[in-house]
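**Q** One structure follows; several queries about it will come next.
Please treat every number below as a calculation from the coordinates, not as lab data. Here the structure is a predicted model, which is why all the values come from computation and not from measurement. Because the Cβ atoms are built from the backbone with ideal geometry, glycine has one as well, and the counts that use them run over all protein chains shown.
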Amino acid sequence: MSDPDSVPFTDIYVDDAIVDRVADALRSTRYVKGPELEAFEREFAEECGVEHAVGVSSGTAALLLSLEAAGVGGSEDEQVFVPGNTFFATASPALKLGATPVFVDVDPETYTMDPADLEEKVAGAKNPSAVMPVHIYGHLADVDAITAVADDYDLVVVEDACQAHFAERDGHVAGTAGDAGAFSFYPSKNMTVGGDGGMLVTDRDDVAESARRLRNHGRDGDGVHRALGLNYRLSEVHAAVGREQLRHVRRWNEGRNGAAQRYTERLGSVPEVVTPTERDGAFHVYHLYVVQVPASERDEFRASLARQGIETGLHYETPLHRHPSLAGHAEETTLEVTDRLYERIVSLPMHPRITEVEIDRVCSAVEAYFDGDDGREGDGDRR
Ligand SMILES: Cc1ncc(COP(=O)(O)O)c(C=O)c1O
């Protein structure tokens, strides 16, 4: 039996309405390319305020098809600019298209791509092709500054909004400021589809048309394969779940944001802990609530919380530019802010249904740890 005092890291929502939608989709015996997907795409596009949404099999597929449909990877030595602080899947699609990732450092407060470092690296690049701002943890990167650089150098902009469904900043909704935006419905994300899934959004008719073709073997309605696509389709069952989840996601985002405010209020007074920043003009959807703790304390800090049934995570263990599989495919680099961050970050439990009691339990455990009061043997106060 699970400990009633434990605090799980996340929580996945299923209700009868979702189960009924799955049952209906199954009974329809129409499993792909059907009305649920069409409706999900229409509704998702409307929520984002864009012309087109294209449902695909994962966030990774949405990133890959965004780049490919926008023309990235067509010529030799193309460089695609990605932040060091992100999940691996931001970079792998560019590599699959034959482009080379160039790693950009992040802003020390929002942990998103630093536009000044981007500009410097693009200015020194031989064949800059695209930039991929990542709205990491649910906070938008500075898309105004990044698209300004992109305009100056004629770069494609693909936003990785996989962690930022309906986050906002400076009047932009995540995924809508560039040529295309990519969302993930992986089960832990702010909304899911009951499995893997993704969505590409764009205002560009040509990008949407190409992405639709590429997700379905490069095939057009007349049965002719006019491009070299593979199968990246989103099933009817998944689309049906997505439609139901879409009805809740804004409320869930409010729940996440409210939980974050409570965390920050309490943890703001713990000097060893750096709480997340929410820029003026931004609505942070807190896919993750990530704090920094002293690097030398991190393992013990996490172990202390784990002993009390409080789950924590690392997002991620390794910064993007240090994964061994990228060696030889991208120039080695040091990213001062990202590298430092990766020794210090810890993700605390976060989901829309986390209770005030649970948040207070986590905060008390954090305070107790730094007060040297967490029941561990040792020399008391860690300050
Ligand atoms: C920032 C980021 N990019 C890309 C992805 C890839 O999405 P998926 O797992 O749906 O392929 C994820 C999620 O896992 C992510 O968090």
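**Q** Mind pulling the angle between the C-alpha long axis of helix 16-28 and the longest principal axis of the chain? Nearest 10 degrees, somewhere in 0 to 90.
**A** Result, in degrees: 30.
**Q** In whole Å, how far is the Cα centre of region 310-381 from that of region 181-239?
**A** 33
**Q** Roughly speaking, what is the stretch gain from Asp16 to Glu311, that is 0.36 nm per residue apart minus the C-alpha to C-alpha distance, in nm to one decimal?
**A** 103.4 nm
**Q** Continuing with the same structure: With an 8 Å cut-off on Cα pairs and a minimum separation of 6 or more residues, tell me the relative contact order of region 16-246 in percent.
**A** Computed value for region 16-246: 27 percent relative contact order.
**Q** Please state the relative contact order of region 249-371 as a whole percent: Cα pairs under 8 Å, 6+ residues apart?
**A** So the answer I get is 40 percent.
**Q** Which aspartates and glutamates does Lys96 reach when only Cα atoms under 14 Å apart count, and residues fewer than 8 places away in its own chain are ignored?
**A** Glu68, Glu76, Asp77, Glu78
**Q** How high is the FRET efficiency between Arg219 and Glu76 when r is their beta carbon distance and R₀ equals 22 Å, given to the nearest 0.05?
**A** After rounding to 0.05, the efficiency reads 0.20.
**Q** Could you give the length gained by full extension between Ala295 and Glu343, i.e. 0.36 nm per residue of separation minus their alpha carbon distance, to one decimal place?
**A** 16.8 nm
**Q** Now for a different question. Any idea what angle helix 143-153 forms with the longest principal axis of the chain, computed on alpha-carbon atoms, 0 to 90 degrees, nearest 10?
**A** 50
**Q** Where does the charge balance sit around Glu336 when Lys and Arg score +1, Asp and Glu -1, over other residues with C-beta under 14 Å from its C-beta?
**A** Numbers: positive: Lys121, Arg322, Arg340, Arg344; negative: Asp105, Asp107, Asp114, Asp117, Glu120, Asp339, Glu343.
Charge balance in the 14 Å sphere: -3.
**Q** Going by alpha carbons, how many degrees (0 to 90, nearest 10) lie between the helix axis of 59-69 and the longest principal axis of the chain?
**A** 40
**Q** Let me ask something else about it. Between Gly171, Gly198, Gly84, where does the largest GNM mean-square fluctuation fall for the chain, given springs only between Cα atoms within less than 10 Å?
**A** Looking only at Gly171, Gly198, Gly84, the biggest GNM fluctuation is shown by Gly171.
**Q** Just to be sure I understand: if I project the alpha-carbon convex hull of the chain onto a plane and average over all orientations, what area do I get in nm²?
**A** For the chain, the mean projected area of the Cα convex hull comes to 20.1 nm².
**Q** Turning to a different aspect of this structure: Of Gly281, Ala295, Thr318, which is farthest along the charge dipole of region 254-353 in the positive direction, counting Lys and Arg as +1 and Asp and Glu as -1 at C-beta?
**A** Gly281
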